[in-house]
Amino acid sequence: MSGYVRSSDLVTRAARGEIPALSRLISRAESGEPEARPALAEIYRRAGQAHIIGITGVPGSGKSTLVASIAAQFRSQGTKVGIVAVDPSSPYSGGAILGDRIRMSDLGNDPGVYIRSMATRGAVGGMARATLDAVDIIDVAGFETIIIETVGVGQDEVEIAQAAHTTAVVSAPGLGDAIQALKAGMLEIADIHVVSKSDRGDAERTFADLKHMLALGASHSTPGHWLAPVLGISAFTGAGVQDLVNALVQHRTLVASQTEAGRRRRRRIAEFRLRKTAETLMLERFDRAAAMLMAPFAERLHKREADPYTLAGELLAASRQQLSCT
Ligand SMILES: Nc1nc2c(ncn2[C@@H]2O[C@H](COP(=O)(O)OP(=O)(O)O)[C@@H](O)[C@H]2O)c(=O)[nH]1
Ligand SMILES: [Mg+2]
């Protein structure tokens, strides 16, 4: 594809499963171009088929490796898999998974796997919006299971994982990170707890510590008859991967169901999506108005004629007025 293609045409092509169109549409979602919005709106209307899985955990906990083995497992059942990495250090590159172990690099050559790394630079809030737009685009292109890998360090990223149907939180031995995950507020969002690297001798200990912490009430089970299981996994040996995939699929059934728990989860996902999109629009509008109004306020602040709180309040009020006039 060369030359400028209208976003609406990209939707049609992406929906036919054309990968270049799919990638291009994600780039437009990422850049936040208003031109792409009607197309993204159309994407949202068409999406909603895929199972969205969030995988989070501190850096080094084995998320990327785990994602590759989950993807391989789903592929062996014939399911098409999308992977979205909101982790710049993840070994995914140009649609391939780079890795020395397991069948990671094979996945990169499989047309049934689509991999995308999201740019995270400076995109606070906008990152969540763009990531979820990307997930919808991949969904519309026919990928049935979409895995979002987020490095669990920022609030925003923890939230992205939570915007999934099913969230797995990874804790690894050797990092003391059952505790780190707890501090980051990650444990409580888990539908499934994974203790990774179970081939290591010290994994047993992490498993026991995590169980103990959960028993102390550090985590709450998802309301509505779902008690988050704790699963030991080795991506290297493959031990436990099938159990994890089974648990993921089982949880999906719950979320899709007409139970109160299912409805609550779907509502929460929609609320998150709406809030992130509204934040984007609000910031855009504020930025436009503020660009015109800023100077005199900044001048007064700089001369210390007033404090930043008072002036920010006045600037907000002025920009609201400006917006209601335009
Ligand atoms: N022993 C062992 N090491 C693993 C396993 N999975 C990942 N690792 C290692 O843990 C490190 C971090 O893995 P990575 O998947 O990049 O973690 P991420 O930062 O959470 O995405 C790498 O050195 C991996 O080789 C596993 O199942 N067993
Ligand atoms: Mg990673």
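The values are calculated or read from the model by the stated rules, or taken from the named source; none is laboratory data. These numbers come from a predicted model, not from an experiment. So basically every Cβ, Gly included, is an ideal-geometry build from the backbone, and we count neighbours across all protein chains shown. The accessibility values were calculated without ligands, DNA or RNA, using every heavy atom of the protein model including side chains. Shrake-Rupley method; radii C 1.70, N 1.55, O 1.52, S 1.80 Å.
With only Lys, Arg, Asp and Glu charged, each at its Cβ (+1 for the first two, -1 for the last two), find how big the charge dipole of the stretch 249-303 is about the Cα centre; round to the nearest 20 debye. Don't skip to the answer; put the middle values down first.
On the way: 14 positive and 6 negative charges, 74 e Å.
Here the stretch 249-303 has a charge dipole of around 360 debye.
Compared with the dominant Cα axis of the chain, that is its longest principal axis, helix 308-325 is turned about 80°. Excluding same-chain neighbours fewer than eight residues apart, the lysines reachable from residue 63 by a Cα-Cα span under 22 Å are 80, 183, 197, 211. Compared with the dominant Cα axis of the chain, that is its longest principal axis, helix 126-140 is turned about 60°. Over the chain, dividing the summed -39,500 (n - 2.57) contributions of all DSSP H runs of at least 4 residues by the number of residues returns a 222 nm mean residue ellipticity of -17000 deg cm²/dmol. The residues of the chain expose on average 48 square angstrom of accessible surface per residue, using a 1.4 Å probe on protein heavy atoms.
For the chain, the normalised intensity computed at q = 0.16 Å⁻¹ comes to -1.30 (log10 of I(q)/I(0), Debye sum over alpha carbons, equal scatterers, no solvent).
Apolar share of the accessible surface for the chain: 55 percent from carbon plus sulfur atoms, 1.4 Å probe. Considering only 313, 259, 281, and ranking their Cα positions along the charge dipole of the stretch 253-326 that arises from unit charges at the beta-carbon of Lys, Arg, Asp and Glu, the one farthest toward the positive end is 259. Considering only 135, 153, 195, the mean-square fluctuation computed in a Gaussian network model of the chain, springs between alpha carbons under 10 angstrom, is largest for 153. Ligands, DNA and RNA aside, residue 200 has an accessible area near 100 Å² when probed at 1.4 Å.
Of 171, 64, 8, whose Cα points farthest to the positive end of the dipole of the chain (charges on the beta-carbon: +1 Lys, Arg; -1 Asp, Glu; origin at the Cα centre)? Most positive-ward Cα: 8. DSSP assigns beta bridges within the chain; of those with both partners inside it, close to 5 percent run antiparallel. How many angstrom lie between the C-alpha centres of the stretch 265-326 and the stretch 1-70? Distance between centres, Cα-based: 29 Å.
For the stretch 1-42, the spread of Cα coordinates along the three principal axes comes to 22, 21, 14 Å, biggest extent given first.
Sequence-ordered 3J(HN,Hα) estimates for the stretch 43-51 from the Karplus curve with 6.51, -1.76 and 1.60 and θ = phi - 60° stand at 4, 4, 5, 7, 7, x, 8, 7, 8 Hz, glycine and proline given as x.
Dipole magnitude for the chain: about 600 debye, using +1 per Lys or Arg Cβ and -1 per Asp or Glu Cβ, origin at the Cα centre.
The alpha-carbon positions of the stretch 242-326 define a convex hull whose volume is 173 Å³ per residue. With contacts taken as Cα pairs under 8 Å at a separation of at least 6 residues, the stretch 188-323 carries a relative contact order of 18 percent.
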